[in-house]
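Visitor: A single structure is presented below for examination.
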Amino acid sequence: MSELSIELHWQRTEPELKTGKYSNAHTVEYNDSHDVRVDAAPDWGGDPGHTNPEQALASALSSCHMMTFLALAAKAGWPVASYRDRAVAHLGKNTMGQMSVTRIDLHPVVRFDTGFTVDPAELEQMQDRAHRYCFIANTLADGVEINIVSD
């Protein structure tokens, strides 16, 4: 099996590590070349200009879902011209009363080559298949909603 890794770097900039008195800002490095600035979500005191882990989780799910959908569409001969999504991570308390990402909503918009159409029920079925085969969705198991958006 594959091993896929990142490098995470955090350095304290305050004189001491005291509750509520330090920055969570850090850098995540992908493939030894691409750095992403990460912080806590703004509601938790993070910099809104930085990515937060909850957004990164939504991004991972959205990307995986799209790549799975494209693979299935290609196999079915569907000429997908473009695909976009707006993934929304919802924070709240899980069934054990712990803070968690309780749900991630995907809002995929698929465009096909001119002249090609798909019945909405077929599109919904293909999106459902993409969700079932997506590695990240299988990791998360619960709490993913796919809301197909017509364009």
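Each reported figure results from applying straightforward, stated rules to the coordinates on display, with no laboratory input. No experiment lies behind these values; they were computed from the predicted model shown. Reconstructed Cβ throughout: ideal geometry from the backbone, glycine too, with neighbour counts over all protein chains shown.
Visitor: Could you point to the residue in Ala81, Gln55, Val28 farthest towards the positive end of the stretch 1-98's charge dipole, with +1 and -1 charges on the Cβ of Lys/Arg and Asp/Glu respectively?
Guide: The residue sitting farthest along the positive end of the dipole is Ala81.
Visitor: Does the stretch 1-89 come out rounded, prolate or oblate, given a ≥ b ≥ c as the square roots of the eigenvalues of its C-alpha gyration tensor, rounded meaning a/c under 1.5 and, failing that, prolate meaning a/b above b/c?
Guide: On the way: a/c = 3.70, a/b = 2.22, b/c = 1.67.
The shape class here is prolate.
Visitor: Efficiency by 1/(1 + (r/R0)^6): what FRET value for Leu17 and Leu91, r their Cβ-Cβ distance, R0 = 25 Å, to the nearest 0.05?
Guide: Numbers: r = 25 Å, r/R0 = 0.98.
That pair, Leu17 with Leu91, gives E of 0.50.
Visitor: Pick the calculated Rg/Rh (Cα atoms, Kirkwood Rh) for this structure from (i) 1.05; (ii) 1.10; (iii) 0.95?
Guide: Of the labelled values, this structure produces (i).
Visitor: For the chain, what is the calculated [θ] at 222 nm in deg cm²/dmol (nearest 500), taking -39500 (n - 2.57) for each run of four or more DSSP H residues and dividing by its residue count?
Guide: Computed mean residue ellipticity for the chain: -9500 deg cm²/dmol.
Visitor: Could you work out Rg/(2.2 N^0.38 Å) for the stretch 14-64, with Rg from alpha carbons only? Display every interim value, and only then the final one.
Guide: Values: Rg = 12.7 Å, N = 51, 2.2 N^0.38 = 9.8 Å.
My calculation over the Cα atoms of the stretch 14-64 gives 1.30.
Visitor: Just how large is the dipole of the chain about the Cα centre, in debye to the nearest 20, putting +1 at every Lys and Arg Cβ and -1 at every Asp and Glu Cβ? Present the calculation step by step, with values, prior to reporting the outcome.
Guide: On the way: 12 positive and 21 negative charges, 37 e Å.
Dipole about the Cα centre, nearest 20: 180 debye.
Visitor: Please tell me the relative contact order of the stretch 53-146 in percent, rounded to the nearest whole number, where contacts are Cα pairs under 8 Å and at least six residues apart. Don't jump to the answer; show the numbers that get you there.
Guide: Values: 126 pairs, mean separation 32.0, N = 94.
RCO, the stretch 53-146: 34 percent.
Visitor: What full-extension length gain, to one decimal in nm, is calculated for Arg129 and Arg111 as 0.36 nm per residue of separation minus the Cα-Cα distance? Don't skip to the end; give the middle numbers.
Guide: On the way: separation 18, 0.36 × 18 = 6.48 nm, distance 1.80 nm.
Once the chain is fully extended between Arg129 and Arg111, it gains 4.7 nm.
Visitor: In the chain, with Lys and Arg counted as +1 and Asp and Glu as -1 at Cβ, which of these residues, Thr114, Ser100, Ile148, has the Cα nearest the positive end of the dipole, that is, farthest along it?
Guide: About the Cα centre, the residue reaching furthest to the positive side is Ser100.
Visitor: OK, next. Once the piece of chain linking Leu8 and Leu70 is laid out straight, how much longer is it, given 0.36 nm per residue of separation minus the C-alpha distance between them?
Guide: Values: separation 62, 0.36 × 62 = 22.32 nm, distance 3.04 nm.
Residue separation times 0.36 nm, minus the Cα-Cα distance, leaves 19.3 nm.
Visitor: Now, a different point. To check you understand DSSP bridge types, tell me what percent of the beta bridges within the stretch 53-146 (both residues inside) are antiparallel, rounded to 5. Can you show the working numbers first?
Guide: On the way: 10 of 13 bridges.
Of the beta bridges lying entirely in the stretch 53-146, close to 75 percent run antiparallel.
Visitor: For the peptides 39-49, 14-24, what is the packing order when you average, over each peptide's residues, the other Cβ atoms within 10 Å and list the highest mean first? Write down the numbers at each step before the final one.
Guide: Details: 39-49: 13.5, 14-24: 9.5.
Highest to lowest by the protection proxy: 39-49, 14-24.
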